[in-house]
Every structure is written in C-alpha cells, then in structure tokens.
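The values are calculated or read from the model by the stated rules, or taken from the named source; none is laboratory data. Worth saying up front: this structure is predicted, and the values here are computed from it rather than measured. Note: ideal-geometry Cβ built from the backbone for every residue, glycine included; neighbour counts use all protein chains shown. With ligands, DNA and RNA removed, areas are computed over all heavy atoms of the protein, side chains included. Shrake-Rupley method; radii C 1.70, N 1.55, O 1.52, S 1.80 Å.
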Amino acid sequence: MSASPSLVDMVVTPLGWVGAIAAVTAYAMVTRGRWSGDSLRFQLTNFVGAGLMCLVAAVNGVWPSAVANVVWIVIGGQAIVVLVKARRRRATQAVVVPLEVPAAQVRSVDLAA
C-alpha cells in the first residue's frame, strides 16, 4: 500500500528546488562576471532563492538551514531596498538645463536667404 503524496512532496519540495536553482544561478552569474553583485537582478534572484529554500527548511524542521536562510533574506532585502532607493533618487534628480548660451556658441542665421 503506497501513501498518497503530501503537500510537501507536491508543492513545497519543488519550490525548494526552484529556490536552489535560483541561488546557484545568481552565484554563477556573478562569479562569471555576467551580473554585478550590486545589481537588482542578482539581489532579487538571491532573495527569492533564499525565501524558497527557507520555506522548505522550515516545513521539514531543518532549523539551522531555515535560520541561515532568514539571515540571507534579511541581507538581500536590505540590499534591494538600498538599490531601489538609489534608482528612485537618480530618476527624480532634476535635470540641469542652462538658461543662457555662451556667446561663443551663438550663430546668426540669415532668414532672408
């Protein structure tokens, strides 16, 4: 007699695999120089990976791994907040437009020609 698959087997464990693949992919992309360690893409991928692996560890009672992933999530979350604030700050900075053009750059145009 075989037991039917549990919620952990059907949903949580596959999500853990997705998280592990995300974390390894992020690490590989930074190591190979394709992503920057301070990029939003890297931080988001790491954050999601840690969150999914934390879920699996907690559901299975693997507390050392769950706690390590919580720390990983906090670090990644802080990095994401810093990156998003920096992007917003850059986007809202005023564009400085000179009101006067130096005389050396002004040409006269003959409209009668």
**Item:** Cut-off 14 Å between beta-carbons: net charge of the residues surrounding Gln78, Lys and Arg +1, Asp and Glu -1
**Value:** 0
**Message:** As an exercise, identify the trypsin sites (Lys or Arg not before Pro) in the range 1-78 lying in DSSP coil whose Cβ has no more than 10 other Cβ atoms within 10 Å.
**Reply:** Arg32
**Asked** Using alpha-carbon positions, what is the distance between the centroids of the range 36-58 and the range 62-96, in Å?
**Response** 11 Å
**Prompt:** Could you sort Trp35, Trp63, Trp72 by accessible area so the largest value comes first, with the probe set to 1.4 Å?
**Reply:** Trp63, Trp72, Trp35
